[in-house]
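*Asks:* Got a structure for you, written out below as structure tokens; questions coming shortly.
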Amino acid sequence: TDITLSNNSIAENTAINSVVGTLSTTDVDAGDSFTYSLVSGTGGTDNASFTIAGSKLNLAIVPDFENKTSYTIRVKSTDGAGLSFEQIFTIVITNVNEAPLFTSGSTGSVPENAAISTGIYTSIATDVDANATVAYSIKPSVGDAGLVSINASTGAVTLLASANFEVKSSYTFTVVATDNGNPGLTA
């Protein structure tokens, strides 16, 4: 007379074949056994995104909250006598903070004798999470970190001293992008 699912939500980016929850059936016949299957019909539009192994509902995809926040499936429970009941379930995908990704290259250039505060490189990082912002910083004590400065909002890197090729022909530094998620993640 009923099918229940022990859990109806799972975090985005969860691996394929991970268990979403366990299916169980209500039946007036005590001690009956049940087989479960995904069936077409109203509410079965996302069946292909899941599999059933025994009584376990598993992922057949890696869910992405930014692309789809919930899935609707239709499950059929069949008892030992061949009688069945069908139930529609909504599986909710929960959002997980994802780290920003750099989309900018890893090199920049500046002409010799460029003045202090001349821009030499612009870091660009994106974050797929809704309403995410990225703050930029230079990793301290790495390479020439003390010779450059970065705008935390724009990622623009500038010189702290005039560029002199004969004194220093290249600068090495590490840019860190940190999102505003909880916890803040870095790239």
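Each reported figure results from applying straightforward, stated rules to the coordinates on display, with no laboratory input. None of the values given here were measured: they were computed from a predicted structure. Cβ placement follows ideal geometry from the backbone for every residue including glycine, while neighbour counts extend to all protein chains displayed.
*Asks:* Around Asp129, which amide H atoms from residues at least 5 apart in sequence, or from another chain, sit under 5 Å from its own amide H, with H modelled in the peptide plane?
*Replies:* Here the answer is Glu98, since their amide H atoms fall under 5 Å of that of Asp129.
*Asks:* ³J(HN,Hα) across the stretch 79-85 via Karplus (A = 6.51, B = -1.76, C = 1.60, θ = phi - 60°), whole Hz, x for Gly/Pro?
*Replies:* 8, x, 8, x, 7, 9, 9
*Asks:* Could you order the peptides 105-116, 40-51, 68-79, 21-32 from most to least packed, using the average number of other C-beta atoms within 10 Å per residue?
*Replies:* 68-79, 40-51, 21-32, 105-116
*Asks:* Same structure again: Given Cα pairs under 8 Å that are at least 6 residues apart, what percent is the relative contact order of the chain? Walk me through the numbers before you get to the answer.
*Replies:* Values: 420 pairs, mean separation 34.3, N = 187.
It rounds to 18 percent for the chain.
*Asks:* Still on this structure, I have one more. Would you tally the net charge around Asp46, using a Cβ to Cβ cut-off of less than 11 Å, leaving Asp46 out, and scoring K and R as +1, D and E as -1? Walk me through the numbers before you get to the answer.
*Replies:* Details: positive: Lys68, Arg74; negative: none.
After counting each charged neighbour, the total is +2.
*Asks:* Separation between the Ser55 and Asn180 pseudo-spin-labels, each 7 Å from Cα along Cα→Cβ, expressed in nm?
*Replies:* Going by the 7 Å Cα→Cβ label model, 4.6 nm.
*Asks:* Contact order normalised by length for the stretch 1-92, with contacts defined as Cα pairs under 8 Å and 6 or more residues apart; what percent is it?
*Replies:* Numbers: 195 pairs, mean separation 31.7, N = 92.
Relative contact order of the stretch 1-92: 34 percent.
*Asks:* If each residue of separation counts as 0.36 nm, what is the full-extension length gain between Ala130 and Ser24 once their alpha-carbon separation is subtracted? Don't skip to the answer; put the middle values down first.
*Replies:* Working: separation 106, 0.36 × 106 = 38.16 nm, distance 3.58 nm.
This chain segment gains 34.6 nm when fully extended.
*Asks:* Which of the lysines could be linked to Lys56 by a straight reach, that is with a Cα gap under 16 Å, when you skip same-chain ones fewer than 8 residues away?
*Replies:* Excluding near neighbours in sequence, the set is Lys76.
*Asks:* List every residue whose amide H lies under 5 Å from the amide H of Thr122, counting only residues 5 or more places away in sequence or on a different chain, with H placed 1.01 Å from N in the peptide plane.
*Replies:* Amide H to amide H, under 5 Å and 5 or more residues apart or across chains, Thr122 pairs with Val157.
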